[in-house]
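Report on the following structure.
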Amino acid sequence: MVRRTSRVLVLAGLAILLTWWFCPAGLAGDASGEATAGFSDRLAPEGWRVMPIRSEAQFKAGQYGGEAEQHPHGIARSPSHPHIIYIAHDVGQVWKSTDGGRTWRKTLGKGMFVRAGQSIEVDPVDPNTVLAIVDNAWDYLAKDFEGVYRSADGGETWKLVLPTPSTPQRFYQHNLEYDPTGVDARGARRWYAAFPNNGLYRSEDRGASWKQAAAMPEPNNVYAVRAHPADGKTVYVATSLGLFVSRTRGTDLRPLGDLPAGEVTSVALLPRDPARMLAVVKRRGLYASADGGATFSKVKDANAQSVFVHPNRPQTVFLVGGRTGLLSHDGGRTWAEIRVRPDAGLGSFYKKRLSGPHTGLAFNAKDPRDVVAFSLATMWRSADGGRTFDASATGFTGFAARSFAFDAGDPGRFALFCCDVGMVITDTGGRFFQRSQKLWDWYERGRISWMGMSGGDIEPVRGSPVIVAAVGWYFHDKLVRSTAEGRQWTIVSEDVEDVLFLGFHRRDPNVVYAGRKRSLDGGRTWKRIEALRSCDGTIAGMCREQSDTVYAVGKPRNTILRSDDRGETWRVYAKVDWSFNGLDSRPTFAVHPTDANLVYTLGPDRRDLAVFDGKTWKPLGVMKLTGGREQRNFVRQVAIDPRQPRVIYAETQACGMPFVFRSLDGGASWKDISQNLPRCGSGSLAVHPLTSDVLHGSMAGTWLYPPPYESPKSVYSRLPAPPWTR
């Protein structure tokens, strides 16, 4: 009897120990006062959910939303299945519509190791075969992975078929083209691809392999490549140095025609009359040729950018200018201005025309009334042949949150600090948002370098309207403060710096840390911390539950400094022979929310996540799960659940592969939770302190993942179902 009783007690004690180990707050509740069940290592059945940043008007109208933003560069519509459309996104790889442009979905992007979409084209027979030119843009770590990518499954997975240096171009471009004479029952056999400063390439095996056909003059922008519709040999290339032609499938490129000097930004061929073509000379106007480009005559004097001709109705011509879009139904003899009807979204205040260099059109070859376009960083759709376009960006999300802030007591109230658009805030748990004051007038007067916000925080008092934020161009921030939830802002520090961290002391709202400064009056006034001057230190993090303890990193990024008295005095906490930053000046850095001694950053291999306790560096082994691709990848972001600090999330930098990982045991082991999250690489990462939702901000919008335990007030569970799942 004694032996059995002892065994029961031992088992009971073990059960309690395991409960404490796997769910340390499970017995006593969590920071929000809600009990939590044990952890679950299962993946979320629905994966990640996107959170469209819609307005109250859109919410009340029952619209799903799609804030758009960021610029498409190319558009391709399947001739055989015109309800399928692809766009190349300047910082978001590839998007897709399967319902004729009514709704949009970010493709998964597996195997696409860069993110800056340039040009795109779809096979004329097989709508799942897509080719895209993608650039590394600012990510020099991925420079060996730019070039032409090919997908055989509609953009979900990709293969780099032509690795070649490229140059990012910020305008509509059609630099991929198939030869119409080489199309058989399987699709297009011959393809062309053009790169600025790097030449014209040709593929004879459906885009699987490529050879350079001709070099390109330098310096040069490339706007379009067009294949002759009938002879199978002639190729035209529109460039900033003029119009070029090859009569031998891309070789021996030479200048063509008598166009006036200037950038030829667009060229259009008329399939039913191969001798006729239209070309745009930038800011000079539209020109026409009836002899294959040997001679041109001016059709219209205009500040023009691009010309588009309906493939089956050559008299229908669209001319896109710097400030207007024009439509002609008689081949250019008369013109009417294109009308647009914006939506009620938070980004629609300037999206009121179809014009500018970031404008592209795609026609339904089977229905001349149906035209889809992108312009001014959003999507448009016409059902009347292009006379009128309605905003049509449902599902196309793009407000890129660089950081998040949360109300101290209301789980439904939080803010996103976004690239380009500033701050948006919700008190409805993400059902709809309000946009903060637009700071365009400050930008125009030179008071700030840009309107984007890199970070901010809400005063830690439930319902407080006080918000402090950093605004400006990347790495060039000024501090601003609002007492009205962002409806008005005041510049509170004119100094320009790279604000790595901005946060209120969680127990004393008078204390705010930001960059190299500290405020003792709730963000009204700021003073530089002199002790950080000698090492050019910048505050990088704060212990949430012990907010007297703050950390800074020096330059170069191999020194961590610590203060335990709210920034009054500092000491070196760690100095190593490697860097804590893997790409730019922003280091990988996080402080444990309850244990002020634990900091997370890059370890000795300069790639993997490690934790330092003041004495010992312990690598955490995240990188071994990334897929083993040989590129300069590293852990970019770390976020720790304040309610359950043994739950840690990490994001890696590289695109095209798994990049979000979760640990339930304080970093001892990790699991890939990327699932359906678009493989655009690291963005921003945060854990909601009251609900434990994981928020990932990216150029493809804001995505949420549920906590690994029950959370009744989870934002994730309240998000609307995306239209493509209904």
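Computed values, structure above
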item	result
Filtered residue count, the stretch 39-81, keeping only those that are over 19 Å from Ala344 (Cα atoms) and in contact with a Lys or Arg (Cβ under 6 Å, 6 or more places away or on another chain)	0
Selection status of Arg413, over 24 Å from His89 (Cβ atoms), modelled with pLDDT of 95 or more and either crowded, with 23+ Cβ neighbours inside 10 Å or out of contact with any Phe, Trp or Tyr (no Cβ under 9 Å at 6 or more places or on another chain) (or both)	no
Residue in the stretch 677-705 that is nearest to Arg718 (Cα to Cα), counting only those that are aliphatic (A, V, I, L, M) and part of a strand (DSSP E or B)	Leu704
Tally of residues being surrounded by 21 or more Cβ atoms within 10 Å (Cβ to Cβ) and touching a residue at least 60 places away in the same chain (Cβ under 8 Å) across the stretch 601-633	1
Hey, Gly422 outside the structural domain of Pro706 (by TED's automatic domain parsing) and in contact with a strand residue (DSSP E or B) (Cβ under 9 Å, 6 or more places away or on another chain) or not	yes
Verdict on Gly207 being assigned to a loop (DSSP other than H, G, I, E, B), of a type in the set (Gly, Ala, Ser), in the same structural domain as Gly360 (by TED's automatic domain parsing) and within 28 Å of Ser355 (Cβ to Cβ)	no
Every residue from the stretch 647-684 that is under 24 Å from the mean Cα position of the chain (by Cα), crowded, with 21+ Cβ neighbours inside 10 Å and among the aliphatic types (A, V, I, L, M)	Ile648, Ala650, Ala654, Met657, Val660, Leu677
Test result for Val148, assigned to a loop (DSSP other than H, G, I, E, B), out of contact with any His (no Cβ under 9 Å at 6 or more places or on another chain), modelled with pLDDT of 95 or more and closer than 26 Å to Trp104 by Cα	no
Extreme residue, nearest to the chain's Cα centre (by Cα), among residues of the stretch 562-610 that are over 22 Å from Ser403 (Cβ atoms) and of a type in the set (Val, Ile, Thr)	Val576
Test: residue in the stretch 676-690 that is modelled with pLDDT of 95 or more and among the hydroxyl-bearing types (Ser, Thr, Tyr)	yes
Top-ranked residue in the stretch 479-514 [being among the basic types (Lys, Arg) and closer than 25 Å to Asp565 by Cα; ranked as surrounded by the fewest Cβ atoms within 10 Å (Cβ to Cβ)]	Arg507
Some residue of the stretch 46-60 being outside the structural domain of Trp138 (by TED's automatic domain parsing), in a loop (DSSP other than H, G, I, E, B) and basic (Lys, Arg)	yes
Output for the stretch 347-379, where each listed residue is among the hydrophobic types (A, V, I, L, M, F, W, C), part of a loop (DSSP other than H, G, I, E, B) and crowded, with 24+ Cβ neighbours inside 10 Å	Leu354
Hey, Gln644 polar (S, T, N, Q), at pLDDT 95 or above, crowded, with 18+ Cβ neighbours inside 10 Å and under 17 Å from Leu685 (Cα atoms) or not	yes
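The values are calculated or read from the model by the stated rules, or taken from the named source; none is laboratory data. Bear in mind that the values here come from a model prediction, so they are computed numbers and not experimental data. Virtual Cβ from ideal backbone geometry, glycine too; neighbours counted across all protein chains shown.
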